[in-house]
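Working notes for the structure below.
The values are calculated or read from the model by the stated rules, or taken from the named source; none is laboratory data. Treat the numbers as computed from the prediction; the structure is a model and nothing was measured. Ideal geometry is used to build each Cβ from the backbone, glycine not excepted, and the neighbour counts take in all protein chains shown.
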Amino acid sequence: MILIRWWKSLSREERPFWVFGFLMHILAFFYCTGYQHGDEHFQILEFAGYKLNLCTYESLAWEYPAQMRPGFQPFIAFCFGKLSLLFFGKIDPFWISDILRFLSLILGFISIIAIRKLANILFQNTSQHILISFLLNFLWFLPFLHARYSSENWSGIFMIYALFFMFHRGTSIQSAGIKSLVFSGICWGLAFESRFQIGIVAMALFVWLLYYQRNNIKYSLPIIAGGCAILLLSVFIDFWLYNTLTFPPLNYFRETMLKSEDMFGVSPWYDYIIQSQNWFGFPFGILLIGLCIIAIIKLKKSQFFWLFFSFVFLHSLIGHKEIRFLFPVFYLLPIIIVQMIPESWLNKQLDYYSDTLKKGLIVVFLVSMGIKSIATSISYASPDLNTFRKLNDLSNENGKITVYCPYDIGYVMAHYYEFRFFRNENISMRFYHNTEQLKAQNPRAKNEYILVWDHFTNWPIDQGANCVYNSISDYQKSYILRSSLWNRDEYSIYSFN
C-alpha cells in the first residue's frame, strides 16, 4: 500500500523514468554478478565461509588476523548459509550470493525512493522533481552499485536511510519525531558497521548541525542513542566472527592510519579527479566534476554537499586512493546536482523544449544515458562467480574434475588469496605461470579443463580444444558503450573432450 501511494504521488512525467530504473535493477540482478573489487568478496564472503567451514584460516585475507573488519555483513551471509543448509540440505554458495545481491538491490532501490521523497521537502518546483527522478533512474552506476554486497554500497544505502529519517518532515531535525531520530541513529550505526569511513560523514553532519542549527543540538541525543545501540550489538557480532573480544574500528585505524601507506601505494591529492573522469566516462565525468567545483561556492550551506565535500576532501588527504572509497557519497550526487541548478532555468522549460536544437540535444543525452545504463546493467562486475558456477555445473555432470588455471589470474584463485567460498570439493585446481608450463602438464585427459584469462595463452585453441564457456556473450561484446571498467576480465574454459 505504501508503494502504491508513493507511485500515485509521482507526476506523469516521472513514472517512465522509474519504470526504466526498476527494469535496470532487474537486469542488474541477473547480470551484475561478481565483485567490483576483491575486498568485496574476500573480506565478507570468505569470512562468512570460514564460519561455515567452507574456508580455512590460512586462506583468509590478512584483515582477518588483524581483526579490522566488522562482522555485520559476514554474519548476514552466515545466516543465509544456515538457511541454505536448512532448505537444501547443503550450503549452496551460489544461492547465498544471489540472495545477497537481490537483498542489496532491494535496499538500494528503496534508498532512491527515499531520496525522491526527500525531494518533496527540499524542492518545491515540479521540474526539480522530474529532474531528480531522471537522475535517480538514469545514472547508470546506481544499479551497478546496488548489485554489490559490499561495504561501500551498504554504507551508502544506510546513510541515505539515516538522512531520510532526519529530514523527511522538514529541513530541520527539530521537525522529525523522536522515533524517527532513533531510527536515523540505528541507520547511522548500520552504515558505520558496514564501512567505518562513513563516520566522517556522521561527524560532518554533527558539525553542520552545530553551526547552522544551534538550537537543535539536543535532538542529536536520540540519534546518538540509536547509533550506540548498534555499536553495542556489533560487539557481540564481532566476538562471534573473531572468537575474541575486540573493537575492529580501533584496529582498522591502527592498521591503516598509524602504519606506512607504502604497502598500499601513495597517490597525489588530485588523483580522485582523474579517477572520477575515468570511472564516470566522457563526457559525464567532466560534467559532474565541473558541477561539484561550482557547488563548492553555491552550496556551502547545504547539508548534503557539506557531507559530500568533507568525505571527498578527507579521503583526498589520504595517500592510498581508490574510486570505490567514494562510492558511499555518490548517492548524494542527484540531490546536489538538482540543488545547484537555478530554479529559473527549470521554469523556462517551455521555451527550452520549443527550441528544436535543444530538443535534439536532450534526446541525444537521454538515449546515451539509457544505452549506458543498459550496457552497465547487463555487464558482470567480475567473471569469477559465473566461471565458478560453470565449473560447479561441470563437476555435477562429470564428478571430480581438474582445472588448469593461470597462477596470476586477476585478483583471485591463487595470486593473493585462494578463492575458497565457491570452490566445489570435487574441483581440483592446478596452476601454470605461462604457456610452456601449461604445455608441459599436457591437460588432455577426460574431465580436465583449461581456464584461460583474457588472451593469456592461445595454446588450447591452437591444439584444437573446444571452448565450453566464455564469460562475455556475443551481444555483450557488440555493445558500443560497453566499458572495460565493468568487463575488465574475460574468462574462457576449454576442453579436449
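Worth a mention:
- Residues that are assigned to a loop (DSSP other than H, G, I, E, B), over 15 Å from Pro406 (Cβ atoms) and touching a helix residue (DSSP H, G or I) at 6+ places or on another chain (Cβ under 9 Å) within the stretch 426-462 comprise Asn426, Lys446, Asn447, listed in sequence order.
- The stretch 234-253, residues that are free of Cβ contacts under 8 Å to residues at least 24 places away in the same chain and either of a type outside the set (Phe, Trp, Tyr) or within 30 Å of Ser172 (Cβ to Cβ) (or both): Val235, Asn243, Leu245, Leu250
- Unique residue being modelled with pLDDT under 75 and surrounded by 15 or more Cβ atoms within 10 Å (Cβ to Cβ) when the list is Leu361, Leu346: Leu346
- Among the residues making up the stretch 245-262, a single one is of a type in the set (S, T, N, Q), modelled with pLDDT under 85 and surrounded by 13 or more Cβ atoms within 10 Å (Cβ to Cβ): Thr256.
- Residue that is farthest from Glu193 (Cα to Cα) [pool: residues in the stretch 307-329 that are crowded, with 21+ Cβ neighbours inside 10 Å and of a type in the set (Phe, Trp, Tyr)]: Phe308
- Residues located in the stretch 372-388, provided they are more than 22 Å from Asp39 (Cα to Cα) and of a type in the set (Ser, Thr, Tyr): Ser373
- Residue check for Leu52: more than 28 Å from Glu490 (Cα to Cα), assigned by TED's automatic domain parsing to the domain that holds Phe165 and over 15 Å from the mean Cα position of the chain (by Cα): yes
- Qualifying residue in the stretch 15-26 (condition: touching a residue at least 40 places away in the same chain (Cβ under 8 Å), in contact with an Asp or Glu (Cβ under 8 Å, 6 or more places away or on another chain) and either among the charged types (D, E, K, R) or farther than 17 Å from Pro248 by Cβ (or both)): no
- Subset of the stretch 30-42 [crowded, with 22+ Cβ neighbours inside 10 Å and at negative phi]: Cys32, Thr33, Tyr35, Gln36, His41, Phe42
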